[in-house]
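**Q** Would you mind keeping the following structure in view while I ask a few things?
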Protein chains: 2
Amino acid sequence: MSPDVLQVENNDLTDLYTHDTVSTTYVEADGVRFAYRRFGRTGKTPVVFIQHFRGTMDNHDPAITDPLADDREIILFDNRGVGATNGIARETVDDMAHDTALFIDALGLSTVDLLGHSMGGEVVQMLALQRPELVRRLILVGTGPRGGEGMATLKPSTAELFVKQYERQDEMWLAIMFAPSETSDAAGRAYLERIRRRPDRDGPVTAEAALAHGTAARVWGRPNTEGYADLRRIAQSALVVNGSDDIVIPTVNSFILQQHIPNAKLVLYPDSNHGAHYQFHEDFVAQAKLFLDRPAPGP
Amino acid sequence: MSPDVLQVENNDLTDLYTHDTVSTTYVEADGVRFAYRRFGRTGKTPVVFIQHFRGTMDNHDPAITDPLADDREIILFDNRGVGATNGIARETVDDMAHDTALFIDALGLSTVDLLGHSMGGEVVQMLALQRPELVRRLILVGTGPRGGEGMATLKPSTAELFVKQYERQDEMWLAIMFAPSETSDAAGRAYLERIRRRPDRDGPVTAEAALAHGTAARVWGRPNTEGYADLRRIAQSALVVNGSDDIVIPTVNSFILQQHIPNAKLVLYPDSNHGAHYQFHEDFVAQAKLFLDRPAPGP
């Protein structure tokens, strides 16, 4: 039997695999063939990672997933129309959350933890509201509420970073995710080295998918007139994490999330930007474990 | 030999003692006889705790100090004119920081970590600026910068909590330090039980000392016209911690500290107030250890 077959037949063997060695697997729902990778020790609630704008499964950091996989299952996936998943990418965060739920249901899971980065964190908020029974805890990294501050459009200096061409295109993430300091830039280059290691990587996100998700982000970012009432309805515990100066979704939005989600804890890192969890991956893993493993709040 | 003599003669024995069992010791500087308690394992940089308005050594939480003392020395003290230390309490944060440095110098220590709560966190900021070589890292709990938001005066509803009379006067801290929820109130009552355990406790802070320190707090809180330039000059790593809704020093000031101190990390807890570290003492100890033990940032 090939390792792939073993993995599909016996989940207890998922802890034989790592971020770099686990095979891509597929599950079908609503006519979409969702590509995913599932690995780590079974037993605790699995963590589903939800990716950022223009990212695929391959943009997740093995320095985060592998240590977390020591004692829980990690599930990475490409949403509809992204990377190795077919279909047409969605134009609203609501629909992206709906598709994420389809995917989780198709895996037969009844409860998951969610870790969403940037637009992925918007999907996490929406999913927690749409399907509260499906979601145990939320980790919201470099993200903001619907209609948060400075979220209607990217600053021009940030917008141009998303269309800039590089010899190796993944270098675009250096300026988007890391701060303009030597230490942060070095952390960014180390991150790129880590995500380049896997041999069978997804292709880049298509222009069509980027366009659709760009629309979704703009609609989500529109100033809303209802304040942040949605956040008050998130009953789950949340861990909110960001860098000190997020140029994509301004850091103040992480503070706003913490102030409005009734049971939210905030961690902000120094000398960092939109990808602070990549930069401080050891501390971030410690924070995630502290948060995911603590007993539920009392009755 | 009595345990006191042992302790004074041999610092290696300080790890025999705990928050509740270590004797109060005295050291003299500038005509002041500073009362302090020193315990914990020697080797790492000692942590000096700096107390809040109307608090003495006895208001520190053994659920924080004892676990930290497992692998470092803890030093609690009463500043000039407070508790078991003689002299006349100071009317400025600058002078309180100056006295704290006198005390640390008198102990013969050349480098310490500082943990300051509320007004104690103001003293920590000042001391880091006055004597940068003396201070390795800062932990700033429930505090704010000079001239922070809403710091010029207490809200009337908060001010009255500081003068309210209780059958057991330490119950004043329930409403000042904890949030108006069942869980937070229960955490507050557990904290009071913990600090009541020690038999030879300091007397209450005198009206004169409270008056002097009240003046110091008001002067510190006055809106300043220079922005937060002082914070930019703090070169040490800082950990900033607060509750989600601090009624004494509004939580936004913790965010401001993180945004302006060049190397600061922020942790905010949910469902909590000015004493969030007492409420989430296990998590706080984990955060403090993560922060104090991480390697120094690179060159």
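The values are calculated or read from the model by the stated rules, or taken from the named source; none is laboratory data. What you see is a predicted model; the values in this text were computed from it and never measured. Cβ coordinates were reconstructed from backbone atoms using ideal geometry, including for glycine residues, and neighbour counts include every protein chain displayed.
**Q** Tell me which of these A:ILE249 doesn't satisfy, since it passes every other one: (1) under 19 Å from A:MET126 (Cβ atoms); (2) assigned to a strand (DSSP E or B).
**A** The one condition A:ILE249 does not meet is (2).
**Q** Same structure again: Residues that are over 18 Å from B:VAL248 (Cβ atoms), of a type in the set (A, V, I, L, M), touching a Gly at 6+ places or on another chain (Cβ under 8 Å) and modelled with pLDDT of 95 or more: does segment B:89-110 have at least one? Before the answer, list the steps.
**A** Filtering segment B:89-110 for residues over 18 Å from B:VAL248 (Cβ atoms) gives B:89-92, B:94-95, B:97-110.
Still in the list and also of a type in the set (A, V, I, L, M): B:89, B:97, B:101-102, B:104, B:106-107, B:109.
Filter once more, so that each one left must be touching a Gly at 6+ places or on another chain (Cβ under 8 Å): B:89.
Cutting the leftovers down to modelled with pLDDT of 95 or more gives us B:89.
Yes; the residues of segment B:89-110 include at least one that is over 18 Å from B:VAL248 (Cβ atoms), of a type in the set (A, V, I, L, M), touching a Gly at 6+ places or on another chain (Cβ under 8 Å) and modelled with pLDDT of 95 or more.
**Q** Within segment A:218-258, count every residue that is free of Cβ contacts under 8 Å to residues at least 24 places away in the same chain and surrounded by 24 or more Cβ atoms within 10 Å (Cβ to Cβ).
**A** Residues in segment A:218-258 being free of Cβ contacts under 8 Å to residues at least 24 places away in the same chain and surrounded by 24 or more Cβ atoms within 10 Å (Cβ to Cβ): 3 in total.
**Q** Then there's this: For segment B:198-211, does any single residue satisfy the condition of being of a type outside the set (Val, Ile, Thr), crowded, with 19+ Cβ neighbours inside 10 Å and more than 12 Å from every other protein chain (Cβ to nearest Cβ)? Break it down into steps so the answer makes sense when it comes.
**A** Looking only at segment B:198-211, we keep the residues that are of a type outside the set (Val, Ile, Thr), and these are B:198-204, B:207-211.
Next cut, crowded, with 19+ Cβ neighbours inside 10 Å only: B:209.
Filter once more, keeping what is more than 12 Å from every other protein chain (Cβ to nearest Cβ): B:209.
Taking every residue of segment B:198-211 in turn, at least one turns out to be of a type outside the set (Val, Ile, Thr), crowded, with 19+ Cβ neighbours inside 10 Å and more than 12 Å from every other protein chain (Cβ to nearest Cβ).
**Q** Right, next: Restricting to segment A:272-299, and then to whatever is in contact with an Asp or Glu (Cβ under 7 Å, 6 or more places away or on another chain) and assigned to a helix (DSSP H, G or I), can you tell me which residue is farthest from the other protein chains (Cβ to nearest Cβ)? Give the steps one after another, and end with the answer.
**A** The first filter runs over segment A:272-299 and keeps only residues in contact with an Asp or Glu (Cβ under 7 Å, 6 or more places away or on another chain), leaving A:273-274, A:278, A:281, A:290, A:292.
Of the ones still in play, those that are also assigned to a helix (DSSP H, G or I) are A:278, A:281, A:290, A:292.
Working: A:TYR278: 16, A:HIS281: 13, A:LEU290: 6, A:LEU292: 13 Å.
Here the residue is A:TYR278.
**Q** Which one is farthest from the chain's Cα centre (by Cα) among residues in segment A:246-299 that are closer than 23 Å to A:MET172 by Cα and acidic (Asp, Glu)?
**A** A:ASP271
**Q** Collect the residues in segment A:242-271 that are within 10 Å of chain B (Cβ to nearest Cβ) and of a type in the set (S, T, N, Q), keeping them in residue-number order.
**A** Answer for segment A:242-271, where residues must be within 10 Å of chain B (Cβ to nearest Cβ) and of a type in the set (S, T, N, Q): A:ASN242, A:SER244, A:THR251, A:SER254, A:GLN258, A:GLN259, A:ASN263.
**Q** Follow-up question, since we're still on this one. Does B:ALA186 satisfy the condition of being under 20 Å from the mean Cα position of the chain (by Cα), within 29 Å of A:ASN263 (Cβ to Cβ), within 14 Å of chain A (Cβ to nearest Cβ) and not in a loop (DSSP other than H, G, I, E, B)?
**A** Details: under 20 Å from the mean Cα position of the chain (by Cα): no; within 29 Å of A:ASN263 (Cβ to Cβ): yes; within 14 Å of chain A (Cβ to nearest Cβ): yes; not in a loop (DSSP other than H, G, I, E, B): yes.
Taking the combined requirement at face value, the residue does not satisfy it.
**Q** Could you figure out which of (1) in contact (Cβ under 8 Å) with a residue 12 or more places away in the chain; (2) part of a helix (DSSP H, G or I); (3) not hydrophobic (A, V, I, L, M, F, W, C) isn't true of B:GLU193?
**A** (1) is the only condition that B:GLU193 fails.
**Q** Something else: Between A:THR18, A:THR24, A:THR56, A:THR45, which is at pLDDT 95 or above, under 26 Å from A:ILE249 (Cβ atoms) and of a type in the set (Val, Ile, Thr)?
**A** Numbers: A:THR18 fails: under 26 Å from A:ILE249 (Cβ atoms); A:THR24 fails: under 26 Å from A:ILE249 (Cβ atoms); A:THR45 fails: under 26 Å from A:ILE249 (Cβ atoms).
The conditions single out A:THR56.
**Q** Looking at the structure I just gave you, is A:ALA179 within 26 Å of A:ARG80 (Cα to Cα), within 14 Å of chain B (Cβ to nearest Cβ) and crowded, with 16+ Cβ neighbours inside 10 Å?
**A** Details: within 26 Å of A:ARG80 (Cα to Cα): no; within 14 Å of chain B (Cβ to nearest Cβ): yes; crowded, with 16+ Cβ neighbours inside 10 Å: yes.
No: the conditions fail for A:ALA179.
**Q** Please work out which residue is farthest from the chain's Cα centre (by Cα), limiting yourself to segment A:116-150 and to residues that are of a type in the set (A, V, I, L, M, F, W, C) and closer than 18 Å to A:ALA296 by Cα. Steps first, answer last, please.
**A** Step one: list which residues in segment A:116-150 are of a type in the set (A, V, I, L, M, F, W, C), which gives A:119, A:123-124, A:126-129, A:134-135, A:138-141.
Of the ones still in play, those that are also closer than 18 Å to A:ALA296 by Cα are A:128, A:134-135, A:138-139.
Details: A:ALA128: 14, A:LEU134: 17, A:VAL135: 15, A:LEU138: 11, A:ILE139: 9 Å.
Per the stated criteria, the residue is A:LEU134.
**Q** Let me ask something else about it. Please tell me if B:ILE50 is surrounded by 23 or more Cβ atoms within 10 Å (Cβ to Cβ) and either touching a Lys or Arg at 6+ places or on another chain (Cβ under 6 Å) or closer than 28 Å to B:GLY214 by Cβ (or both). Don't jump to the end; show me each part of the working.
**A** Values: surrounded by 23 or more Cβ atoms within 10 Å (Cβ to Cβ): yes; either touching a Lys or Arg at 6+ places or on another chain (Cβ under 6 Å) or closer than 28 Å to B:GLY214 by Cβ (or both): yes.
Spelling it out, B:ILE50 is indeed surrounded by 23 or more Cβ atoms within 10 Å (Cβ to Cβ) and either touching a Lys or Arg at 6+ places or on another chain (Cβ under 6 Å) or closer than 28 Å to B:GLY214 by Cβ (or both).
**Q** Test each condition in (1) under 26 Å from B:PRO132 (Cβ atoms); (2) buried (at least 23 other Cβ atoms within 10 Å of the Cβ) for B:GLY43 and report the one that comes out false.
**A** Going through the list (1) under 26 Å from B:PRO132 (Cβ atoms); (2) buried (at least 23 other Cβ atoms within 10 Å of the Cβ), B:GLY43 breaks only (2).
**Q** Being under 24 Å from B:PRO204 (Cβ atoms) and under 17 Å from the mean Cα position of the chain (by Cα) narrows it down to one residue among B:ASN86, B:ASN79; which is it? Steps first, answer last, please.
**A** Values: B:ASN86 fails: under 17 Å from the mean Cα position of the chain (by Cα).
B:ASN79 is the lone residue from the list that is under 24 Å from B:PRO204 (Cβ atoms) and under 17 Å from the mean Cα position of the chain (by Cα).
**Q** Would you confirm whether or not segment B:278-292 contains a residue that is in contact with a strand residue (DSSP E or B) (Cβ under 7 Å, 6 or more places away or on another chain), aliphatic (A, V, I, L, M) and under 18 Å from B:ARG136 (Cβ atoms)?
**A** Looking for residues that are in contact with a strand residue (DSSP E or B) (Cβ under 7 Å, 6 or more places away or on another chain), aliphatic (A, V, I, L, M) and under 18 Å from B:ARG136 (Cβ atoms), one finds at least one in segment B:278-292, hence yes.
**Q** Only one residue in A:THR225, A:THR215 is more than 9 Å from chain B (Cβ to nearest Cβ), part of a helix (DSSP H, G or I) and either within 24 Å of A:ALA159 (Cβ to Cβ) or not charged (D, E, K, R) (or both). Which one? Steps first, answer last, please.
**A** Details: A:THR225 fails: part of a helix (DSSP H, G or I).
It is A:THR215.
**Q** Those residues that are over 10 Å from the mean Cα position of the chain (by Cα) and under 21 Å from B:ASP202 (Cα atoms), I need them from segment B:57-72; list them, please. First the steps, then the outcome.
**A** So in segment B:57-72, the residues over 10 Å from the mean Cα position of the chain (by Cα) come out as B:58, B:61-72.
Correct list: B:ASP58, B:ASP61, B:PRO62, B:ALA63, B:ILE64, B:THR65, B:ASP66.
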